[in-house]
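Inspection log for the structure reproduced underneath, given as structure tokens.
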Amino acid sequence: MTETLTIGKALNLGLRRAMEDDAKVVLMGEDIGRLGGVFRITDGLQKDFGEDRVVDTPLAEAGILGTAVGLAMRGYRPVCEIQFDGFVFPAVNQIVTQVAKLHARSKGRLPMPIVVRIPFGGGIGAVEHHSESPEGYFVHTAGLKVVAISSPADAYWGIQQAVAHPDPIIFLEPKRRYWDKGEVDLDGAPAPLFASRVVRGGDDVTVLAYGPMVKTALQAAEAAAEEGRSLEVVDLRTLSPLDLEPVYASVRRTGRCVVVHEAPLTLGLGAEIAARVTETCFHSLEAPVLRVGGYDTPYPPSKLEEDYLPDLDRVLDAVDRALGF
Amino acid sequence: MTALSHTTEVVDPVPGAGAPHLPDQPDLVQLLTPEGERVEHPDYALDVTAEELRGLYRDLVLVRRWDSEATALQRQGELGLWASLLGQEAAQVGAGRALAADDMAFPTYREHGVAWTRGVDPLHVLSLFRGVDQGGWDPVTTGFNLYTVVIGAQTLHATGYAMGMQRDGAESATLAFLGDGATSQGEVNEALIWASTFAAPVVFFCQNNQYAISAPIERQSRVPLFQRAAGFGFPGVRVDGNDVLAVLAVTRAALAAARDGQGPTFIEAFTYRMGAHTTSDDPTRYRLASELEEWKLRDPIARVKAHLSRSGIADADFFAGVEADADALAERIRSGTRELAPPAPTEIFDHVYAEMPPELARQRAEFVEYHSRFEGAGQ
């Protein structure tokens, strides 16, 4: 059965199905119960599954993650909601020193099937600490896997796959796209979780994006097409592990590559991708791999966020530069 | 001495705080005095058989011997580091022996005595300090979690695990170990809040050994640590941490209450770290020899020995037997430690994930290929 859903509703349905499939799944977070979360992603779940399965926690992020570690050791599958990206930092100690390491330290005896859901990225006119892109910290930490969804179909299937996966997953949800709609086949076979995907075919430049920037990249491709330029857009979907084989195949054809993300440029994911594409596709490249990202500044006041965030014009400018070599 | 008398002694700048004197601790639960005299406490009756008493003594002696051998092995270069438990044997053995088989202990990095009571092979603990693995014992079958170096992180794990026990309807509890320094950590406070809010079956066992490396207890708290529990809405108890019987009784009672659905307890075991923080530390820089001498009078093993002798529960043959057991353990530790070899180098890749990502598999293959080039070299 196919339905048209927003990303937010698709996540809600996906979480519901994950909880139905496995009684060990426990949702934990601030305000996720009666309120349904500040973005209403868990709307109605506490009513149907009870306070033990959808736990309104005290207001302490390290506590959410630290108790999730204990629950995971006991055989549960905690799904932790961090209310906003900028609030994950108090929990980073638990994520980096414990969640990421315990499987290795225990030689696999302590499973850590924990999902950390984080609404991430800017563009919603919020105050400080509500618009950040912390993915780099997690991608840099061995032991974690990092996924960023961009569509309702990936939201629905991705969250279920993440919950069922044996390793800890940082699950990034593009908050400004929560209300974007798309078709979801509720019964079909889902795409693999750790695979990137070409979402628009093209011949001139390969554009890589993930999360909220996929839509921006597609808009840029649309605009470029009107000028007779054909952009191939790849949705990375998985940030750790990176799945760059489809990207290499694309770049070998186009010879040009632009990476787009909201996170600050320096040591952002674009840097890693540029290095790998260069190492792997050096003889196919007609231009250096270019990056479009946020600036190396704190996320600005919301009246300036349009200046900070990559938009389709900045993507098209990078495409022009790539084609100019 | 009067306040006006001239003295070269260091004067305590904070009235009532400073050097951790045991007298004037009215809240201290004690069942065995430093002189080895058995006393009663109105709230903590303890029935122990002669056999159990002898067993506790044996535990204390063997754990101390393990510790002293490990310190020596570190000095000989066989261990990278050792965190000595000297002086804290009673706190650890008493707490460990209070656990039931299905309970789960969450240690810091100094709970060798608890590991002993859980049947963890000392060589598995030593392999961590030798650097051949990250803790080689099975936390699930032993009921003794891996050591935790990041201060206080395990108190949240213990609380979450206890919440899991609660959900499972298990009549079990967790015992979370922490030190006095850890009580300053935000995560420990979060654990206390969680435990209280969810009435989780967890007991927080704080070994107040008076120092967080060099920082004395008054740098962590202006109130006795056990009193903090009241602010979180559950009982706090201060027990003589050098009294194995009192520790056993208090911990047993707290675990029973937790298993019974009465929620958490905070136990402050008032004790003293006789040795250095670790073998890298120099305690002469931050504490007085006189303080150490004072605590030696409260040695956790001597008082049990005195009690056993005086009450006729043990004779010279028994003590000689325990010494022989300690000698055998020491020999096993010495030879066993030297034989602890590092695992295959490829192990660094093998347990990072339950499902290894392709990039890590590629790095592993590259590692193997690179090292294969040197095989046979130098022969």
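The values are calculated or read from the model by the stated rules, or taken from the named source; none is laboratory data. Just so it is clear, the model here is predicted, and its values are computed rather than measured. FYI the Cβ positions are ideal-geometry reconstructions off the backbone, even for glycines, and counts take in every protein chain you see. Heavy atoms of the whole protein, side chains included, go into the accessibility calculation; ligands, DNA and RNA do not. Shrake-Rupley method; radii C 1.70, N 1.55, O 1.52, S 1.80 Å.
A few comments on the model shown:
- Residue by residue, the range B:150-166 carries 3J(HN,Hα) couplings of 5, 5, x, 4, 6, 5, 6, 4, 4, 5, x, 4, 5, 4, x, 4, 4 Hz when phi is fed to the Karplus relation 6.51 cos²θ - 1.76 cosθ + 1.60 (θ = phi - 60°); x denotes Gly or Pro.
- Beta bridges by DSSP in the protein assembly as shown, antiparallel share as percent, to the nearest 5: 20 percent
- For the pair B and A, total buried accessible area rounded to nearest 100 Å², probe 1.4 Å: 3500 Å²
- Per-residue ³J(HN,Hα) for the range A:192-200, Karplus 6.51 cos²θ - 1.76 cosθ + 1.60, θ = phi - 60°, Hz, x for Gly and Pro: x, 5, 9, 9, 7, 8, 6, 9, 7
- When peptides B:313-325, A:33-45, B:104-116 are sorted by average Cβ neighbour count within 10 Å, with the highest value leading, the order is B:104-116, A:33-45, B:313-325.
- Normalised by residue count, the range A:2-185 yields a Cα convex hull volume of 102 Å³ per residue.
- When the pairs A:Lys215/A:Lys303; A:Lys175/A:Lys303; A:Lys101/B:Lys296; A:Lys47/A:Lys175; A:Lys145/A:Lys303; A:Lys24/A:Lys175 are compared against a 29 Å limit on Cα-Cα distance, A:Lys101/B:Lys296; A:Lys145/A:Lys303 fall above it.
- Calculated over chain A: convex hull of Cα atoms, volume per residue (Å³): 129 Å³
- Placing +1 on the Cβ of every Lys and Arg and -1 on the Cβ of every Asp and Glu, with nothing else charged, gives the range B:28-343 a dipole about its Cα centre of roughly 560 debye.
- For peptides B:40-46, B:261-267, sequence by mean Cβ density within 10 Å, most packed first: B:261-267, B:40-46
- Gyration tensor over alpha-carbon atoms, the protein assembly as shown, equivalent ellipsoid semi-axes in Å: 55, 28, 23
- Surface composition of the protein assembly as shown: carbon and sulfur atoms hold 53% of the protein heavy-atom accessible area at a 1.4 Å probe.
- Less than 5 angstrom separates the built amide H of A:Val234 from those of A:Val199, A:Val207, A:Leu208, A:Ala209, all sequence-distant by 5 or more or on a different chain.
- At least 30 Å² of accessible area lost relative to the chain alone, listed for the range B:168-199 with a 1.4 Å probe: B:Asp168, B:Glu187, B:Glu190, B:Trp194, B:Phe198
- For the residues A:Ala72, A:Ala153, A:Ala126, a GNM of chain A with alpha-carbon springs under 10 Å puts the largest fluctuation on A:Ala126.
- Interface residues of the range A:97-113, defined as those losing at least 30 Å² of solvent-accessible heavy-atom surface relative to the isolated chain (probe radius 1.4 Å), are listed as A:Gln98, A:His103, A:Ala104, A:Arg105, A:Lys107, A:Arg109, A:Leu110.
- Based on protein heavy atoms only, chain B ends up with 43 Å² per residue of surface accessible to a 1.4 Å probe.
- Radius, Kirkwood style, for chain B when every pair of distinct Cα atoms is counted (Å): 22.2 Å
- Whole-Hz Karplus values for the range B:48-61 come out as 10, 7, 4, 4, 5, 4, 5, x, 5, 4, 4, 3, 4, 5 Hz, taken residue by residue from phi with 6.51 cos²θ - 1.76 cosθ + 1.60 and θ = phi - 60°; glycine and proline positions read x.
- Helix A:152-164 vs. chain A, principal-axis angle (Cα, 0 to 90°, nearest 10): 50 degrees
- For chain A, the per residue solvent-accessible surface stands at 37 Å², with DNA, RNA and ligands left out and a 1.4 Å probe.
- Placed amide H near A:Val116: partners under 5 Å, 5+ positions off or other chain: A:Cys80, A:Ile169, A:Ile170, A:Phe171
- Dimensions of the range A:197-324 from C-alpha coordinates, computed as largest minus smallest value along each principal axis and given longest first, are 42, 34, 25 Å.
- Scanning residues 5 or more positions from B:Leu175 or on other chains, those with amide H under 5 Å from its amide H are B:Met104, B:Ala105, B:Phe106, B:Val203, with H placed 1.01 Å from N in the peptide plane.
- Projecting the alpha carbon convex hull of the range B:245-333 along each direction and taking the average yields 9.5 nm².
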